[in-house]
Amino acid sequence: MHVQEWLDTVPAAAVYAVVALVIGLESLGIPLPGEIILVSAALLSSRHTGVDPVVLGACATAGAVIGDSLGYAIGRKGGRPLLAWLGRKFPRHFGEAHVATAERSFEKWGMWAVFFGRFIALLRIFAGPLAGVLRMPYWKFLIANVLGGICWAGGTTAVIHYVGVVAEAWLKRFSWLGLVVAVLIGLTSMLVLKRRAKKAQAALREAEEPEPVAAGE
């Protein structure tokens, strides 16, 4: 069943709960389609079905912030062994190259990696746990986490809802368009990250190779 069609069959309270739960689990570090669920629910709210966009945005934001915070706590307690375990369980998401790319982003941008990571599909599941593993000061993490959650979850809800209201008749016939756009954005960001991850993995391999010993030494 289509995601939006399924959401249309459940009460508004269940929609809020599903959105908050899926986004929270994704932010915690579990690969789930949080962005697709949020876009679907926001489109649903534009169709006057009883789903309040303000409450929806608040629930999505709460799920994002709480999930990231729990991920931070788990990462801080689990440390590097946690990343190794996640790499074995989810090699496509937590592989060595992906972790190396995320670490470089954190080293370069610090707390802003948490903020901007919210807008990138793959980094969204890394931000909380990796910030904890790298022992980023919690106050820095919290500021970036809250601001990122509000801008991403609240902003996405507002934009998609507004588009749905303006083009309601058109979106009723092509309601899948919003999901297609979200999927394309997610795939594009993942492809970019995969390319960067391959470069990071190649750099790590080069660094691990011993330097040739000059003749006579």
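One decimal place: the segment Asp52-Glu96 gains 11.7 nm when fully extended, by the rule 0.36 nm per residue minus the C-alpha distance. Given R0 = 25 Å, the distance between the Cβ atoms of Lys77 and Cys151 translates into a calculated FRET efficiency of 0.35. Net charge near Trp109: determine it from the other residues with C-beta under 13 Å of the C-beta of Trp109, scoring Lys and Arg +1 and Asp and Glu -1. Overall, the nearby charge balance is +2.
A short reminder: the numbers here are calculations on the coordinates, not readings from a lab. As the structure is a prediction and not an experimental result, all values here were calculated from the model. No Cβ is skipped: glycine too gets one built from the backbone with ideal geometry, and neighbour counts run over all protein chains shown.
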